[in-house]
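Just below is one structure, and these are the notes that go with it.
The values are calculated or read from the model by the stated rules, or taken from the named source; none is laboratory data. Just so you know, these numbers come straight off a predicted model, no measurement behind them. Quick reminder, even Gly has a Cβ in these numbers, built from the backbone with ideal geometry, and neighbours come from all protein chains shown. Please note that ligands, DNA and RNA were not included when accessible areas were found on the heavy atoms of the full protein model with its side chains. Shrake-Rupley method; radii C 1.70, N 1.55, O 1.52, S 1.80 Å.
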Amino acid sequence: MKILITGSAGFIGFHLTKLLLSQGYEVLGVDNYNNYYDPQLKRQRTKILQQSNQKFNQIEADINDAEKINSFCTEVPDFVVHLAAQAGVRYSLQDPQAYLNANINGTFCIMELARKWKVKHLLMASTSSVYGSNTEMPFDEKQKC
């Protein structure tokens, strides 16, 4: 089974990829290594994944580049896990275009690829920043904030 993970070099993407590889899945990773978080750390994570498992293949690409991602996936993935996003609520005030490009347009691009490929399942995750200043634990998607 083949799984495409966007944001594969991020914290959650790295650990999910590592888990799926340990369970025998083939994983295709996509990350653009932007500098919001340390790109060297993300490249080190990718290197760990590449060295530890032959079932991991990765491409450096923006999630808006559907053509590049489509050509990277020589075989259609069974599942898509979309984790890539522009993080940081405060940063959205400095560079709102980055949010529009990644979180809206990029997500749309990944959804369109999943539709075109007719994947079995598309899982999309949101950042923790959507929870705002809620103090009620544990977080729940039904909470008003």
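Is it the case, given these coordinates, that residue 120 is modelled with pLDDT of 95 or more, open to solvent by 80 Å² or more (accessible area, probe 1.4 Å) and more than 16 Å from the chain's Cα centre (by Cα)?
So residue 120 fits the description; yes.
If I ask for residues that are hydroxyl-bearing (Ser, Thr, Tyr) and open to solvent by 70 Å² or more (accessible area, probe 1.4 Å), which ones from segment 37-49 would you list?
37, the sole residue that qualifies.
Taking the conditions exactly as written (of a type outside the set (S, T, N, Q), open to solvent by 60 Å² or more (accessible area, probe 1.4 Å) and at pLDDT 95 or above), does residue 75 satisfy them or not?
Taking the combined requirement at face value, the residue does not satisfy it.
Filter segment 21-36 down to the residues that are within 14 Å of the chain's Cα centre (by Cα) and part of a loop (DSSP other than H, G, I, E, B), then identify the one that is surrounded by the fewest Cβ atoms within 10 Å (Cβ to Cβ).
Per the stated criteria, the residue is 34.
Collect the residues in segment 74-117 that are without any contact (Cβ under 8 Å) to a residue 24 or more places away in the chain and assigned to a loop (DSSP other than H, G, I, E, B), keeping them in residue-number order.
74, 95
Can you confirm whether segment 38-52 contains a residue that is within 22 Å of residue 88 (Cα to Cα) and part of a loop (DSSP other than H, G, I, E, B)?
yes
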